[in-house]
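Here the structure comes first, spelled out in structure tokens, and everything after it is commentary.
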Amino acid sequence: MEITPQRILVIGAGLGGTAMLEIFIDDPLVEIVGIVDANQQAPALQIAKRANINIFANITEAIEASRPCLAFNLTGNDNVTSEAAALLGMSSVVGGFQARFIWNLLTRLKKSNEQITNLAYHDSLTGLPNRILFYDRLNQAIARARREERSIATLYLDLDGFKLINDSLGHNAGDALLCEAARRIVSCVRDSDTVARIGGDEFAMVICNLQTPDAIDQVAKKIIDAISQPFTINGKSCSVSASIGVAIYPTHGKTAEQLIKIADAAMYLAKHNGKNCYRTAIS
């Protein structure tokens, strides 16, 4: 049995209209037939333009072009509800308290969806991108580097001595150290780069647009120096160090999987060579 989508006309392109479009724009049970707002700079209109949704400046024109439909007045203006009801009938217009209730529901649902998305792609402890988002960012960086014929670096980092601290001071102390280590690593790179927690005490980075051959050396040394500074956890001073492996695109690999594997191997080489250092993969 084929289900006919509910045709909806959104009146008001502010926050409520934005939430409604973002939530229902791809819903098979809903067809957004148009959005109305006299302010052509209203936030939701940019979303509507990208989705090829009809945009109207006045209600009469919108209803004539969109009927039959259910009109949602999200402007907070009851006169707008009356104007729409005169053209469509009161049963086909949602406004007043109902619209405010739906607006609150939509904004809460939108916030919940954002929180769920954030949890799916970010590490719950440090707030850094997780493995899934890291691979996505790395693949994007590779595609951009290929187009622009540039080099990028993948760094794989393991904290030396973390297990001892985690076991002796407890997991809460270990978590606090990981969060501080994450903050220090992020402070060593640019906003355009990516730092992710891969798991446990392992982190990975994408460093884009390498300008000079020794640029990655400077970044790796900066991170090692930052991590080697003492940590104060629960009033106690403790120290760890970092072993880092480096793989360069396209010299050492041309896919995300290759670069991660090679950087990971280089990191273990750094560990076997005394720790608290970095090693670049051999071509």
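Each reported figure results from applying straightforward, stated rules to the coordinates on display, with no laboratory input. In this text the structure is predicted, and so the values were computed from the model without any measurement. With ideal geometry, Cβ positions are generated from the backbone for all residues, glycine too; neighbour counts draw on all protein chains shown.
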Cα lying deepest toward the dipole's positive end in region 131-280, options Cys188, Gly274, Gln211, charges on Cβ: Gln211
Subtracting the Cα-Cα distance of Ser82 and Lys163 from 0.36 nm times their residue separation yields 22.4 nm
Averaging sequence separations of C-alpha pairs under 8 Å and six or more residues apart, then dividing by the length of region 2-54, give the relative contact order as a whole percent. 42 percent
How far, in nm, would the chain grow between Ala265 and Ala143 when pulled straight, counting 0.36 nm per residue and subtracting the alpha carbon separation? 41.6 nm
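Please state, rounded to one decimal and in Å, the Kirkwood hydrodynamic radius that the chain gives when every pair of distinct Cα atoms enters the mean of 1/r.
22.5 Å
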Between region 116-183 and region 242-258, what is the separation of their alpha carbon centroids in Å? 15 Å
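Just subtract the alpha-carbon distance of Ser237 and Phe97 from 0.36 nm times their residue separation and send over the number in nm, one decimal. Intermediate values should be presented prior to the final figure.
Values: separation 140, 0.36 × 140 = 50.40 nm, distance 5.75 nm.
Contour length minus Cα-Cα distance gives 44.7 nm.
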The chain: relative contact order from alpha carbon pairs under 8 Å, six or more residues apart, as a whole percent, is 14 percent
Between Gln40 and Glu64, take the C-beta separation as r, use R0 = 25 Å, and let me know the FRET efficiency to the nearest 0.05. 0.80
In vacuum, with every alpha carbon of region 1-74 counted as one equal point scatterer, what does the Debye formula give for log10 I(q)/I(0) at q = 0.18, 0.19, 0.20, 0.27 Å⁻¹? Two decimals, please. -0.60, -0.67, -0.74, -1.33
Which part of region 197-241 falls in the paramagnetic zone of Arg131, meaning amide N under 13 Å from the point 7 Å along Cα-to-beta-carbon? 197-204
Estimated dipole of region 131-280 in Debye, rounded to 20 [Cβ of Lys and Arg +1, of Asp and Glu -1, Cα centre]: 200 debye
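Under a Cβ-Cβ cut-off of 14 Å, what is the net charge of the residues other than Ser192 that fall near it, where Lys and Arg count +1 and Asp and Glu count -1? Each step should come with its number before you reach the end.
Values: positive: Arg137, Arg144, Arg150, Arg190; negative: Glu148, Asp191, Asp193.
That sum, taken over residues with Cβ under 14 Å, equals +1.
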So, relative contact order of region 1-121 in percent, Cα under 8 Å, 6 or more apart, is 26 percent
